[in-house]
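Note sheet for the following structure.
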């Protein structure tokens, strides 16, 4: 089994591509060892000292580190991913995702919210997935779009620029009701 790795814009996060399906649909974000109980893969990764976060996408695994340098941590992460796939264990116990944060918006804004979600799904999420992360819709109130940043996007030094210059400009262009974008 050959596992590719890719750097992400977040220096604390590496993207691992096992060459196999990771999740059939959605994504799963685990920010602590306690969050990872529903995922044998994430549990295995959190057993490694220095792993601070695990994000699962359709075909990749993003791992966020603490203070340990990648040169020491990366071989252990690669070994844990390989052991997981060799064991035949499922990625998650329910093979689902934990995307489901509650959404908040006024029912009168349904059309605007539908446009925002469609733009996020078709233009934004595929781009940030290439960097090992994900951005999901959380809410829309008083012209402000609230987005949840996950995986490599969470805590990334360039995430503010991505939100302000990329996503906000895109949404303003297609949705005149959008005034700004804020992370949750």
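The values are calculated or read from the model by the stated rules, or taken from the named source; none is laboratory data. Predicted model, so just to flag it, every value in this text is computed and none were measured. For neighbour counting, all protein chains shown are included, and Cβ atoms are generated from backbone atoms with ideal geometry for every residue, glycine included.
Each residue in the range 32-56 was checked for being touching a strand residue (DSSP E or B) at 6+ places or on another chain (Cβ under 7 Å) and touching a residue at least 60 places away in the same chain (Cβ under 8 Å), and 2 pass. Every listed requirement among (1) in a helix (DSSP H, G or I); (2) surrounded by 18 or more Cβ atoms within 10 Å (Cβ to Cβ); (3) under 20 Å from the mean Cα position of the chain (by Cα) is met by residue 55 save one, (1). So how many residues does the range 111-123 have that are within 16 Å of residue 26 (Cβ to Cβ) and either assigned by TED's automatic domain parsing to the domain that holds residue 53 or surrounded by 14 or more Cβ atoms within 10 Å (Cβ to Cβ) (or both)? Total satisfying the criteria: 2. Scanning the range 57-72 for residues that are in contact with a strand residue (DSSP E or B) (Cβ under 8 Å, 6 or more places away or on another chain) and over 15 Å from residue 134 (Cβ atoms) yields a count of 3.
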